[in-house]
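A.B. asks: Below you will find the structure I want to go over with you.
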Amino acid sequence: MLAEDPLLDDSSLEDMITELDRDVLVLGAASHGVWAIWSIVQAREDVEAGIAEPEFDYVRYAKVRMAAFRKDLQSIGL
């Protein structure tokens, strides 16, 4: 028996776990999207400042975060 709450049966608990798993994927995707946008903004600022060799590869980081964003969206069927 999974549920220890007498008002919550195993089926309800499983539904809550499934919903929580989906919420985690949605919020993870949102996080990846925000960090990808932030990274693109940072890269643009380096270009505008004329920095020839930035100390961090913001464009590559944005690509990695966008790949993770797309993967999370696929996981939830979007």
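A.B. asks: What does the helix-only formula give at 222 nm for the chain: each DSSP H stretch with n ≥ 4 adding -39500 (n - 2.57), the total divided by the residues, and the result rounded to the nearest 500 deg cm²/dmol?
C.D. replies: Value at 222 nm, helices only, nearest 500: -26500 deg cm²/dmol.
A.B. asks: Of F56, I17, S75, whose Cα points farthest to the positive end of the dipole of the chain (charges on the beta-carbon: +1 Lys, Arg; -1 Asp, Glu; origin at the Cα centre)?
C.D. replies: In the chain, that residue is F56.
A.B. asks: Filter the chymotrypsin sites (Phe, Trp or Tyr not before Pro) in the stretch 6-78 down to the DSSP loop ones having no more than 16 other Cβ atoms within 10 Å, then list what survives.
C.D. replies: Hits after loop and neighbour filter: F56.
A.B. asks: Counting other Cβ atoms within 10 Å, keep those with at most 11, restrict to DSSP loop, and tell me which GluC sites (Glu not before Pro) in the chain are left.
C.D. replies: When the GluC sites (Glu not before Pro) of the chain are filtered for loop state and at most 11 Cβ neighbours within 10 Å, E4, E55 remain.
A.B. asks: Oh, and also: Output the 0 to 90 degree angle, nearest 10, between the alpha-carbon long axis of helix 58-75 and the longest principal axis computed from the alpha carbons of the chain.
C.D. replies: The answer is roughly 20 degrees.
A.B. asks: For the residue pair S75 and D57, what label-to-label distance in nm results when each label sits 7 Å from Cα along the Cα-to-beta-carbon direction?
C.D. replies: Rounded to a tenth, the inter-label distance reads 2.4 nm.
We did not get these values from a lab; they are worked out from the coordinates using the rules stated. Fair warning: this is a prediction, and the values are worked out from it, not measured in the lab. Neighbour counts are summed over all protein chains in view; Cβ atoms, including those assigned to glycine, are modelled from backbone coordinates with ideal geometry.
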